[in-house]
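The structure under discussion appears below in the form of structure tokens.
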Amino acid sequence: MPDAASSSIWLAAPVLLPLLTALLASFTASRLRAALCAAGTLATAGSSLFVLARVVAEGPLRHRLGGWGAPLGIDLFADGLSVLMLAMTAVIGGAISLYASAYFTSAHERRSFWPLWFLLWTGLNALFLTADLFNFYVTLEVISLSAVALVAMKGGPVALPAAVRYLFVAMLGSLAYMGGVALVYAQTGVLDLHLLTGRLGEGPLGRAALALLIGGLLAKTALFPLHLWLPPAHSSAPAPVSAALSALVVKASFYILLRTSFSAFSDAALAAVGPVLGVLGAATVLWGSFQALTQDRLKLMIAYSTVAQIGYLFLLFPVAMPGAGDAAWQSKAWIAGIFHALSHACAKAAMFMAAGAILHAVGRDDKNSLRGLGERMPVTISALATAGISIMALPPSGGFIAKWMLLVAAIRTDQWWWAPIMIGGGLLAAAYIFRMIRYAFLSTPDGAPPLHPVPRRLEFTALALGLLALALGLASVFPIAVAAIGAPFPENWFMEAL
Amino acid sequence: MSAPRAFIPRWQCALLALGLLPLLLALLHAVSAMPARPPNLAADVTARMPDSGVTHPLTAVLLNFRGYDTLLEIAVLWLAGLAALTLAPGASAAPLKPHPVLTGLLRVLAPVILMTAGYILWAGGFRPGGAFQAGSILGAGLVLASLAGLIRLSPSLGLRLGLGLGLAVFIAVAIWSWTHTGELLHFPGASDKWSILLIESAATISIGLILLTLFDRLTAESESNEKKGLKRP
């Protein structure tokens, strides 16, 4: 494992900087807090991108916390996959901070939001930068509790029960995960991922550990049939929170599963688990898409679309697992899954931000409230449409590249049966997005009340992320090259993908 | 989806329990296959104990070998206190006037509580104890004082500073160690013992205050709901 001591020091910065900002933001009063949070956003995002640059220049980095080193201590670790997730969080997180600075107006909302949001950011960065099974659990706790508190901050009869249900599922998921970690430790005596390479899932004890680990993570990622908590929680939160939950938080537990399965799982375990995850993913795609089709409220439609898109992430497991046909195409399925996570993050954050702007302007978000907005809020509707292109997977968007690679990989690895699900999910996405956006291009009803003025920052932040989701398809070479750094597949396979 | 149901029908609970039973049995079967002497890191911990600054292995693991986990756990506790404070604004649940009997009782108990908490904190270095246990005892004392009406919680800057103190000191020590050794939470030279004691002392105060905040906010919230005639969702 290459260890560049000079750079590895900086691995802790994306964790400590937002944590320090959260702490200071809870002490300071309004004017100082605004400046502090702007500085904290820049510092956090900047340090994340700096780590990305170091990993691109030097390869995977490792930092021994406390100077002990695994297995006694905890190691921070960053390779291509971690820094891509870190950079995704930096970009979306920066946009969320920008959006939230105009979205929240009351003193109480601001005092509640900023410390919790920076804590959520801390948890996400800490999760993407650790290589320790138990430390994953601690970071999941930071993420879940701050996310639940952010959903609950709005209060009222819709948000509070949604937050409580989210809390219960998140806690149950954490407990199951923790039980799995305990069994892994009982069997192997170590918690560091690199010391566990290929050792998870052997014997009855290993299989039980794996079942608990995976079950807990699936509940947190909202995979069918453990998805019921997601739509109410994501749709009833304030817009910047919805964006963070759908774009980033569900990716965190998915990331743990992706990272552990392709390094720590034994080949036999991965071969057994892969098809199960694929079937559940397929069911999630179909169920989420059909539910999205029947929603009459924009935010609920977007939330169900998140469920459907999460399903796609899990289709990579059966296609990329070892022994599934053409080996070079497995790596492409793996890359496609990561790329889908990135483009979905941009597109979904853009959609929730646009929905927040509409809710702010019209006061409602049912489909009839969209009437005439094509003329009256062109920037917001453009944001919704550009993000929609990526969700529908039309070229040249990031969503298209991801789903196209996944589709071809499924066929090349002789698993054509996933293809109808992938194509069907795309068609259903087109149906539910067009069904909603259609209303924006109908004429404004007579006697429609004037729109409440919307801060331009809300509209343009959403549009920027929508355009980014589109542009990811045109600039796909760099993320794919980054993902190849330290990937669990030979590097020359990725070169073929480029 | 958006209209929550208050209760799950009993037959659904029974069905769920029945469905989970095979999973429980499978889990028990798996655990029974656990090796009689599971491999663990006890030998590593024992070997490195002299470098840890403390003589109790639990404290060495929590504050030194895996101090980063504890840093994030302290952040979680702080988050719980902060969330309770922001999600349930409103007046304190403590009585407005000090309760004479409880005040008298507290006059006797307070020194004992403080001394016990202080001892448990110090004892963490060489026997079971430390910030979490000491903080709970301190928290119990604070709750008693609040029930007696001697302290009333208000979301003031002072309280916010107190809640964040443990985390702030932990971060400060982490950054200080980083600048001296180049490794986060690698306490330089022989400073392990005093670094750990400093972190634990600050954490004890914050944990006590967090527990008081949770108690006060929950009781205030349920009392105000009862006044409004609202039932629990």
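Taken about its Cα centre, the stretch A:39-112 carries a charge dipole of roughly 160 debye when the Cβ of each Lys and Arg holds +1 and the Cβ of each Asp and Glu holds -1. Under 12 Å from a label point set 7 Å out along the Cα-to-Cβ vector of A:Arg199, the amide N atoms of the stretch B:32-52 belong to B:39-41. Taking 7 Å steps out from each Cα toward its Cβ at A:Leu427 and A:Thr294 produces label points 2.0 nm apart.
If you take all other residues with their beta carbon under 12 Å from the beta carbon of A:Met171, and give Lys and Arg +1 and Asp and Glu -1, the sum is +1. Evaluating 6.51 cos²θ - 1.76 cosθ + 1.60 at θ = phi - 60° for every residue in the stretch B:135-146, the Karplus couplings come out as x, 5, 5, 4, x, 4, x, 5, 5, 4, 5, 6 Hz, glycine and proline recorded as x. Modelled spin labels at A:Thr105 and B:Val108, positioned 7 Å past Cα toward Cβ, are 5.8 nm from each other. Counting neighbouring beta carbons within 10 Å and listing from fewest to most, the residues B:Met34, A:Met422 come out as B:Met34, A:Met422. For the residues of A:444-450, the average number of beta carbons from a partner chain within 10 Å of their own beta carbon is 0. Within the same chain, lysines fewer than 8 places from A:Lys154 are excluded, and of the rest, those with a Cα less than 17 Å from its Cα are A:Lys299. Above 40 angstrom, tally the Cα pairs of the protein assembly as shown and express them as a % of all pairs, no decimals. Counting pairs separated by more than 40 Å, the tail of P(r) holds 32 percent.
For chain A, the longest principal axis of the Cα atoms and the long axis of helix A:80-103 meet at an angle of about 20 degrees. The residues packed around A:Ala159, meaning those with a beta-carbon under 14 Å from its beta-carbon, carry a net charge of +2 if Lys and Arg are +1 and Asp and Glu are -1. Enclosing the Cα atoms of the stretch A:266-498 in their convex hull gives a volume equal to 107 cubic angstrom per residue. Each Lys and Arg Cβ is given +1 and each Asp and Glu Cβ -1; about its Cα centre, the protein assembly as shown then shows a dipole of about 1940 debye.
Nothing charged except the Cβ atoms of Lys and Arg (+1) and of Asp and Glu (-1): what's the magnitude of the dipole of the stretch A:266-498 about its Cα centre? Round to the nearest 20 debye.
Working: 14 positive and 11 negative charges, 137 e Å.
With Lys and Arg at +1 and Asp and Glu at -1, about 660 debye.
Where in the stretch A:133-161 does the label zone of B:Ser222 land, with the point 7 angstrom along Cα→C-beta and an amide N cut-off under 19 Å? Inside the label zone: A:161. Partners of A:Lys403 within straight-line reach, counting lysines whose Cα lies under 23 Å from its Cα and excluding those fewer than 8 residues away in the same chain: A:Lys251, A:Lys332, A:Lys348. Extension gain for the segment A:Ala53 to A:Trp404, taken as residue separation times 0.36 nm less the Cα-Cα distance, is 123.5 nm to one decimal. The residues packed around A:Ile381, meaning those with a beta-carbon under 14 Å from its beta-carbon, carry a net charge of +1 if Lys and Arg are +1 and Asp and Glu are -1. Within the stretch B:1-105, the trypsin sites (Lys or Arg not before Pro) that combine a DSSP coil assignment with at most 14 other C-beta atoms in a 10 angstrom radius are B:Arg5.
Length gain on complete extension for the stretch A:Leu394 to A:Ser263, per 0.36 nm per residue less the alpha carbon to alpha carbon distance?
Values: separation 131, 0.36 × 131 = 47.16 nm, distance 3.27 nm.
Net length gain for the segment: 43.9 nm.
The fewest-to-most ranking of B:Val112, A:Val138, A:Val362 by surrounding Cβ atoms within 10 Å reads B:Val112, A:Val362, A:Val138. For the peptide B:29-36, the mean number of other protein chain Cβ atoms found within 10 angstrom of a residue's Cβ is 5. Amide H to amide H, with H built 1.01 Å from N, A:Thr130 comes under 5 Å of A:Phe77, counting only residues 5 or more places away or on other chains. Residue order for A:Asp267, A:Asp365, fewest other beta carbons within 10 angstrom first, comes to A:Asp267, A:Asp365. Mean-square fluctuations from a GNM of chain B, with a 10 angstrom spring cutoff on Cα atoms, peak among B:Pro22, B:Pro155, B:Pro111 at B:Pro22.
So what is the 222 nm mean residue ellipticity for chain A from helices alone, if each DSSP H run of at least 4 adds -39500 (n - 2.57) and you divide by all residues, rounding to the nearest 500 deg cm²/dmol? Working shown, then result.
Values: 22 runs with 360 residues, N = 498.
Per the formula, -24000 deg cm²/dmol.
Excluding same-chain neighbours fewer than eight residues apart, the lysines reachable from B:Lys97 by a Cα-Cα span under 26 Å are B:Lys227, B:Lys228. Applying 1/(1 + (r/R0)^6) with R0 = 35 Å to the Cβ-Cβ distance of A:Ala29 and B:Ser191 gives a FRET efficiency near 0.50. Here the Karplus curve 6.51 cos²θ - 1.76 cosθ + 1.60, taken at θ = phi - 60°, turns the phi angles of the stretch B:119-128 into couplings of 5, 4, 4, 5, 5, x, x, 9, 8, x Hz, with x standing for Gly and Pro.
Taken together, the values in this text are just the output of simple stated rules run on the coordinates, not laboratory data. Since the structure is predicted, the reported quantities are computational estimates derived from the model, not experimental observations. For neighbour counting, all protein chains shown are included, and Cβ atoms are generated from backbone atoms with ideal geometry for every residue, glycine included.
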